[in-house]
1. I need every pair where a residue in region 156-167 that is without any contact (Cβ under 8 Å) to a residue 40 or more places away in the chain has its Cβ under 8 Å from the Cβ of a residue that is part of a helix (DSSP H, G or I) and not small (G, A, S), sequence separation at least 6 or different chains.
2. Hand me the list of strands (runs of 3 or more DSSP E) wholly inside region 173-273 holding 3 or more residues that are of a type in the set (A, V, I, L, M).
3. Can you find a residue that is in contact with a strand residue (DSSP E or B) (Cβ under 6 Å, 6 or more places away or on another chain), hydroxyl-bearing (S, T, Y) and away from the ligand (no atom under 14 Å from the Cβ) anywhere in region 165-182?
4. Determine whether Y220 is within 10 Å of the ligand (Cβ to nearest atom), in contact with a strand residue (DSSP E or B) (Cβ under 7 Å, 6 or more places away or on another chain) and touching a residue at least 24 places away in the same chain (Cβ under 8 Å).
5. Given the criterion surrounded by 20 or more Cβ atoms within 10 Å (Cβ to Cβ) and not charged (D, E, K, R), identify the matching residue among F76, F48.
6. Just give me the residues in region 235-263 being surrounded by 15 or more Cβ atoms within 10 Å (Cβ to Cβ), over 20 Å from V139 (Cα atoms) and free of Cβ contacts under 8 Å to residues at least 60 places away in the same chain, in sequence order.
7. Say we look at region 40-85 and pick out the residues that are in contact with a Lys or Arg (Cβ under 9 Å, 6 or more places away or on another chain), at pLDDT 95 or above and within 16 Å of the ligand (Cβ to nearest atom); which of these is nearest to K162 (Cα to Cα)?
Amino acid sequence: MFKNQKFNYAVFGNPVNHSKSPEIHDLFSKQTGILHIYKSVNVPLDSFDTILHDFFNKYGQGANITAPFKQEAYFFCDKLTERAKISKSVNTFKKVDNKYILGDNTDGIGLLSDLIRLNFIKKNYSILIIGAGGAVKGVLFPLLSFGCSIFILNRTFLNAKKLVSQFNKYGNIEIFNKRSLKIKFFDLIINATSTLIGEKDDFIPLSVVSSKTCFYDMNYRKDNTFFIDWCLKIGTNFFSNGIGMLVFQAAHSFFLWHNILPKTDYIIDILKK
Ligand SMILES: NC(=O)c1ccc[n+]([C@@H]2O[C@H](COP(=O)([O-])OP(=O)(O)OC[C@H]3O[C@@H](n4cnc5c(N)ncnc54)[C@H](OP(=O)(O)O)[C@@H]3O)[C@@H](O)[C@H]2O)c1
(Lines give C-alpha, C1' and ligand atoms only; values in the text may rest on other atoms or scores of the structure.)
Protein backbone atom coordinates (compact mmCIF):
# COMPACT_ATOMS: atom_id res chain seq x y z
CA MET A 1 0.00 0.00 0.00
CA PHE A 2 2.78 2.48 0.85
CA LYS A 3 5.13 1.61 -2.07
CA ASN A 4 5.47 5.09 -3.57
CA GLN A 5 4.42 7.17 -0.58
CA LYS A 6 7.37 8.42 1.40
CA PHE A 7 5.56 10.07 4.30
CA ASN A 8 6.81 8.97 7.70
CA TYR A 9 3.96 10.19 9.95
CA ALA A 10 0.20 9.83 9.47
CA VAL A 11 -3.20 9.75 11.12
CA PHE A 12 -5.15 6.51 10.59
CA GLY A 13 -8.92 6.34 11.02
CA ASN A 14 -12.26 5.76 9.31
CA PRO A 15 -13.46 8.21 8.17
CA VAL A 16 -10.38 10.43 8.26
CA ASN A 17 -10.73 12.85 5.35
CA HIS A 18 -12.17 15.49 7.73
CA SER A 19 -9.02 15.35 9.90
CA LYS A 20 -7.15 18.58 10.61
CA SER A 21 -4.11 16.70 11.93
CA PRO A 22 -2.06 16.95 8.66
CA GLU A 23 -2.54 20.75 8.68
CA ILE A 24 -1.54 21.00 12.36
CA HIS A 25 1.56 18.83 11.92
CA ASP A 26 2.57 20.79 8.83
CA LEU A 27 2.50 23.96 10.99
CA PHE A 28 4.52 22.21 13.75
CA SER A 29 7.06 21.12 11.15
CA LYS A 30 7.44 24.68 9.81
CA GLN A 31 7.65 26.12 13.35
CA THR A 32 10.34 23.72 14.60
CA GLY A 33 12.24 23.07 11.36
CA ILE A 34 11.83 19.31 11.85
CA LEU A 35 11.20 17.47 8.58
CA HIS A 36 8.09 15.54 9.33
CA ILE A 37 5.86 14.50 6.41
CA TYR A 38 2.39 13.81 7.76
CA LYS A 39 -0.65 12.52 5.81
CA SER A 40 -4.04 10.99 6.56
CA VAL A 41 -4.89 7.37 5.74
CA ASN A 42 -8.41 5.98 5.61
CA VAL A 43 -8.34 2.40 6.93
CA PRO A 44 -11.00 -0.17 5.97
CA LEU A 45 -12.61 -1.42 9.17
CA ASP A 46 -11.12 -4.94 8.88
CA SER A 47 -7.57 -3.92 7.85
CA PHE A 48 -6.09 -1.98 10.77
CA ASP A 49 -3.31 -4.45 11.66
CA THR A 50 -2.27 -5.15 8.05
CA ILE A 51 -2.09 -1.49 7.08
CA LEU A 52 -0.24 -0.39 10.22
CA HIS A 53 2.31 -3.23 9.91
CA ASP A 54 2.86 -2.25 6.29
CA PHE A 55 3.34 1.43 7.23
CA PHE A 56 5.90 0.70 9.94
CA ASN A 57 7.73 -1.85 7.75
CA LYS A 58 8.20 0.89 5.10
CA TYR A 59 8.75 4.55 6.06
CA GLY A 60 6.54 4.89 9.13
CA GLN A 61 8.11 6.46 12.22
CA GLY A 62 4.99 7.61 14.05
CA ALA A 63 1.21 7.59 13.79
CA ASN A 64 -1.92 9.04 15.30
CA ILE A 65 -4.92 6.77 15.60
CA THR A 66 -8.45 8.09 15.57
CA ALA A 67 -11.97 6.61 15.80
CA PRO A 68 -12.84 3.80 15.62
CA PHE A 69 -9.40 2.18 16.10
CA LYS A 70 -8.15 3.36 19.53
CA GLN A 71 -8.92 0.00 21.15
CA GLU A 72 -7.28 -2.01 18.34
CA ALA A 73 -4.31 0.33 18.62
CA TYR A 74 -3.96 -0.56 22.30
CA PHE A 75 -3.46 -4.23 21.38
CA PHE A 76 -1.25 -3.46 18.36
CA CYS A 77 1.75 -1.97 20.19
CA ASP A 78 4.72 -3.79 21.72
CA LYS A 79 5.10 -1.41 24.69
CA LEU A 80 2.88 1.20 26.35
CA THR A 81 3.45 4.44 28.23
CA GLU A 82 2.00 4.55 31.75
CA ARG A 83 -0.96 6.74 30.72
CA ALA A 84 -1.80 4.44 27.78
CA LYS A 85 -1.66 1.43 30.12
CA ILE A 86 -4.10 3.09 32.51
CA SER A 87 -6.53 4.27 29.83
CA LYS A 88 -6.36 1.02 27.80
CA SER A 89 -6.70 3.22 24.71
CA VAL A 90 -3.98 4.44 22.31
CA ASN A 91 -3.97 7.45 19.98
CA THR A 92 -0.20 7.71 19.24
CA PHE A 93 2.43 5.22 18.02
CA LYS A 94 6.17 5.75 17.91
CA LYS A 95 8.66 3.41 16.26
CA VAL A 96 11.52 3.20 18.75
CA ASP A 97 15.12 2.36 17.71
CA ASN A 98 13.72 0.70 14.59
CA LYS A 99 12.80 -2.20 16.89
CA TYR A 100 9.41 -1.85 18.55
CA ILE A 101 6.19 0.18 18.54
CA LEU A 102 5.44 2.27 21.63
CA GLY A 103 1.78 3.22 22.26
CA ASP A 104 0.79 6.42 24.06
CA ASN A 105 -2.39 8.35 24.75
CA THR A 106 -2.23 12.16 24.45
CA ASP A 107 -6.01 12.83 24.45
CA GLY A 108 -6.08 13.38 28.22
CA ILE A 109 -3.23 15.88 28.40
CA GLY A 110 -4.71 17.51 25.27
CA LEU A 111 -8.11 18.05 26.86
CA LEU A 112 -6.72 19.12 30.23
CA SER A 113 -4.36 21.67 28.60
CA ASP A 114 -7.24 23.22 26.68
CA LEU A 115 -9.56 23.34 29.69
CA ILE A 116 -6.80 25.15 31.64
CA ARG A 117 -6.23 27.56 28.72
CA LEU A 118 -9.96 28.35 28.67
CA ASN A 119 -10.14 28.63 32.48
CA PHE A 120 -12.86 25.93 32.41
CA ILE A 121 -11.39 23.70 35.13
CA LYS A 122 -10.35 23.88 38.80
CA LYS A 123 -9.55 21.27 41.41
CA ASN A 124 -12.67 19.73 43.00
CA TYR A 125 -14.87 20.58 40.01
CA SER A 126 -17.85 18.30 39.34
CA ILE A 127 -17.81 17.28 35.69
CA LEU A 128 -20.53 15.58 33.68
CA ILE A 129 -19.18 13.66 30.68
CA ILE A 130 -21.65 12.57 28.01
CA GLY A 131 -20.23 9.54 26.20
CA ALA A 132 -18.15 6.51 27.16
CA GLY A 133 -16.06 5.71 24.09
CA GLY A 134 -12.32 5.60 23.34
CA ALA A 135 -11.81 9.34 23.84
CA VAL A 136 -13.35 9.26 27.33
CA LYS A 137 -11.03 6.40 28.32
CA GLY A 138 -8.11 8.63 27.41
CA VAL A 139 -9.25 11.65 29.45
CA LEU A 140 -10.56 10.12 32.70
CA PHE A 141 -7.26 9.50 34.47
CA PRO A 142 -5.91 13.07 33.94
CA LEU A 143 -9.22 14.62 35.04
CA LEU A 144 -9.48 12.42 38.14
CA SER A 145 -5.80 13.05 38.99
CA PHE A 146 -6.46 16.79 38.70
CA GLY A 147 -8.90 16.33 41.61
CA CYS A 148 -12.25 16.49 39.81
CA SER A 149 -15.32 14.33 40.41
CA ILE A 150 -16.69 12.72 37.27
CA PHE A 151 -20.22 11.66 36.37
CA ILE A 152 -20.84 9.63 33.20
CA LEU A 153 -23.98 9.74 31.09
CA ASN A 154 -24.05 7.44 28.07
CA ARG A 155 -26.57 6.04 25.59
CA THR A 156 -25.47 2.48 26.41
CA PHE A 157 -25.55 2.14 30.18
CA LEU A 158 -23.26 -0.93 30.19
CA ASN A 159 -20.42 0.99 28.50
CA ALA A 160 -20.63 3.69 31.17
CA LYS A 161 -20.64 1.02 33.89
CA LYS A 162 -17.49 -0.60 32.47
CA LEU A 163 -15.70 2.76 32.53
CA VAL A 164 -16.66 3.40 36.14
CA SER A 165 -15.30 -0.04 37.16
CA GLN A 166 -12.07 0.60 35.23
CA PHE A 167 -11.38 4.04 36.75
CA ASN A 168 -12.92 4.14 40.23
CA LYS A 169 -9.56 3.24 41.82
CA TYR A 170 -8.18 6.58 40.59
CA GLY A 171 -10.78 8.93 42.10
CA ASN A 172 -14.42 9.84 42.42
CA ILE A 173 -16.30 8.59 39.35
CA GLU A 174 -19.88 7.44 39.09
CA ILE A 175 -22.76 7.00 36.69
CA PHE A 176 -24.93 10.09 36.33
CA ASN A 177 -28.16 9.52 38.18
CA LYS A 178 -30.28 12.61 38.66
CA ARG A 179 -32.20 11.15 41.59
CA SER A 180 -29.19 10.23 43.73
CA LEU A 181 -27.04 13.22 42.73
CA LYS A 182 -25.32 14.72 45.79
CA ILE A 183 -24.17 17.88 44.02
CA LYS A 184 -26.46 20.69 42.92
CA PHE A 185 -24.85 21.87 39.67
CA PHE A 186 -22.08 20.70 37.36
CA ASP A 187 -19.13 23.07 36.96
CA LEU A 188 -18.31 21.62 33.56
CA ILE A 189 -20.23 19.49 31.03
CA ILE A 190 -18.28 17.72 28.27
CA ASN A 191 -19.81 16.22 25.14
CA ALA A 192 -17.67 13.22 24.18
CA THR A 193 -20.15 11.50 21.89
CA SER A 194 -19.42 11.19 18.20
CA THR A 195 -22.86 12.66 17.56
CA LEU A 196 -25.87 13.70 19.54
CA ILE A 197 -27.96 14.28 16.47
CA GLY A 198 -31.52 13.22 17.00
CA GLU A 199 -31.35 13.76 20.75
CA LYS A 200 -34.08 15.79 22.38
CA ASP A 201 -33.34 19.18 23.94
CA ASP A 202 -33.69 17.75 27.43
CA PHE A 203 -30.77 15.28 27.09
CA ILE A 204 -29.32 17.09 30.15
CA PRO A 205 -31.78 18.25 32.80
CA LEU A 206 -31.48 22.04 33.04
CA SER A 207 -31.72 21.71 36.82
CA VAL A 208 -28.02 20.59 36.93
CA VAL A 209 -26.85 23.64 34.96
CA SER A 210 -26.00 26.95 36.65
CA SER A 211 -25.10 30.34 35.17
CA LYS A 212 -21.43 29.44 35.84
CA THR A 213 -21.44 25.99 34.21
CA CYS A 214 -18.90 25.66 31.36
CA PHE A 215 -19.56 23.47 28.30
CA TYR A 216 -16.98 21.71 26.17
CA ASP A 217 -17.64 19.77 22.96
CA MET A 218 -14.78 17.43 21.98
CA ASN A 219 -16.07 17.67 18.41
CA TYR A 220 -14.63 20.45 16.29
CA ARG A 221 -16.35 20.53 12.94
CA LYS A 222 -16.93 23.86 11.21
CA ASP A 223 -20.71 23.93 11.45
CA ASN A 224 -22.25 23.84 14.92
CA THR A 225 -22.90 20.46 16.50
CA PHE A 226 -26.19 19.76 18.24
CA PHE A 227 -24.38 20.35 21.54
CA ILE A 228 -23.03 23.80 20.56
CA ASP A 229 -26.44 24.79 19.17
CA TRP A 230 -27.93 23.75 22.50
CA CYS A 231 -25.35 25.89 24.39
CA LEU A 232 -26.34 28.88 22.25
CA LYS A 233 -29.99 28.16 22.88
CA ILE A 234 -29.64 28.15 26.66
CA GLY A 235 -27.70 31.42 26.43
CA THR A 236 -24.37 30.49 28.04
CA ASN A 237 -21.15 32.38 27.18
CA PHE A 238 -18.90 29.64 28.55
CA PHE A 239 -18.63 27.09 25.78
CA SER A 240 -16.01 25.79 23.35
CA ASN A 241 -15.57 23.17 20.69
CA GLY A 242 -12.65 20.70 20.74
CA ILE A 243 -10.20 22.39 18.37
CA GLY A 244 -7.84 23.31 21.23
CA MET A 245 -7.83 19.73 22.52
CA LEU A 246 -6.95 18.54 19.01
CA VAL A 247 -3.99 20.93 18.76
CA PHE A 248 -2.70 20.13 22.27
CA GLN A 249 -2.96 16.33 21.79
CA ALA A 250 -1.12 16.73 18.47
CA ALA A 251 1.60 18.79 20.20
CA HIS A 252 2.14 16.04 22.78
CA SER A 253 2.35 13.40 20.02
CA PHE A 254 4.95 15.60 18.31
CA PHE A 255 6.81 15.79 21.63
CA LEU A 256 6.85 11.98 21.91
CA TRP A 257 8.29 11.72 18.40
CA HIS A 258 10.81 14.58 18.41
CA ASN A 259 11.30 15.66 22.03
CA ILE A 260 10.14 19.22 21.25
CA LEU A 261 6.81 20.63 22.42
CA PRO A 262 5.60 23.04 19.71
CA LYS A 263 3.84 26.33 20.47
CA THR A 264 0.09 25.92 20.16
CA ASP A 265 -1.83 29.15 20.81
CA TYR A 266 -1.39 30.76 17.37
CA ILE A 267 -2.25 27.43 15.70
CA ILE A 268 -5.52 27.23 17.66
CA ASP A 269 -6.30 30.77 16.43
CA ILE A 270 -5.52 29.83 12.80
CA LEU A 271 -7.74 26.73 12.95
CA LYS A 272 -10.61 28.58 14.62
CA LYS A 273 -10.81 30.84 11.58
N1 LIG B 1 -10.90 17.26 19.92
C2 LIG B 1 -10.13 16.17 19.96
O3 LIG B 1 -8.89 16.22 19.98
C4 LIG B 1 -10.78 14.82 20.03
C5 LIG B 1 -10.03 13.72 20.51
C6 LIG B 1 -10.68 12.49 20.59
C7 LIG B 1 -12.01 12.37 20.16
N8 LIG B 1 -12.67 13.46 19.70
C9 LIG B 1 -14.07 13.37 19.25
O10 LIG B 1 -14.83 12.82 20.32
C11 LIG B 1 -15.88 12.01 19.78
C12 LIG B 1 -15.88 10.65 20.47
O13 LIG B 1 -14.72 9.94 20.06
P14 LIG B 1 -14.48 8.43 20.53
O15 LIG B 1 -13.13 8.03 20.02
O16 LIG B 1 -14.76 8.28 21.98
O17 LIG B 1 -15.62 7.66 19.70
P18 LIG B 1 -16.23 6.23 20.03
O19 LIG B 1 -15.25 5.38 20.77
O20 LIG B 1 -16.81 5.75 18.75
O21 LIG B 1 -17.44 6.55 21.10
C22 LIG B 1 -18.61 7.19 20.65
C23 LIG B 1 -19.47 7.62 21.83
O24 LIG B 1 -20.59 8.35 21.30
C25 LIG B 1 -21.82 7.73 21.72
N26 LIG B 1 -22.80 7.90 20.65
C27 LIG B 1 -22.65 7.59 19.35
N28 LIG B 1 -23.76 7.93 18.67
C29 LIG B 1 -24.65 8.45 19.57
C30 LIG B 1 -25.98 8.98 19.48
N31 LIG B 1 -26.63 9.03 18.33
N32 LIG B 1 -26.55 9.44 20.61
C33 LIG B 1 -25.91 9.40 21.79
N34 LIG B 1 -24.65 8.90 21.94
C35 LIG B 1 -24.03 8.44 20.84
C36 LIG B 1 -21.44 6.29 21.98
O37 LIG B 1 -22.38 5.72 22.85
P38 LIG B 1 -22.56 4.12 22.99
O39 LIG B 1 -21.61 3.67 24.06
O40 LIG B 1 -23.98 4.00 23.35
O41 LIG B 1 -22.24 3.52 21.64
C42 LIG B 1 -20.06 6.47 22.64
O43 LIG B 1 -20.18 6.86 23.97
C44 LIG B 1 -15.64 11.91 18.28
O45 LIG B 1 -16.54 12.75 17.59
C46 LIG B 1 -14.21 12.39 18.09
O47 LIG B 1 -14.00 13.05 16.85
C48 LIG B 1 -12.09 14.68 19.63
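The values are calculated or read from the model by the stated rules, or taken from the named source; none is laboratory data. Computed from a predicted structure; not experimentally measured. Cβ: placed from backbone, ideal geometry, glycine included. Neighbour counts: every protein chain shown.
1. L163/V136; L163/K137; L163/L140; F167/L140; F167/F141; F167/L144
2. Details: elements: 173-175, 186-191, 209-217.
Hits in region 173-273: 186-191.
3. No, the conditions are met nowhere in region 165-182.
4. Judged against the criteria, Y220 is not a match.
5. Details: F76 fails: surrounded by 20 or more Cβ atoms within 10 Å (Cβ to Cβ).
Being surrounded by 20 or more Cβ atoms within 10 Å (Cβ to Cβ) and not charged (D, E, K, R) holds for just one of F76, F48, which is F48.
6. Step one: list which residues in region 235-263 are surrounded by 15 or more Cβ atoms within 10 Å (Cβ to Cβ), which gives 236, 238-258, 262.
Those still in the list that are over 20 Å from V139 (Cα atoms) too: 236, 238, 257-258, 262.
Matches in region 235-263: T236 only.
7. Checking each candidate, the answer is Y74.
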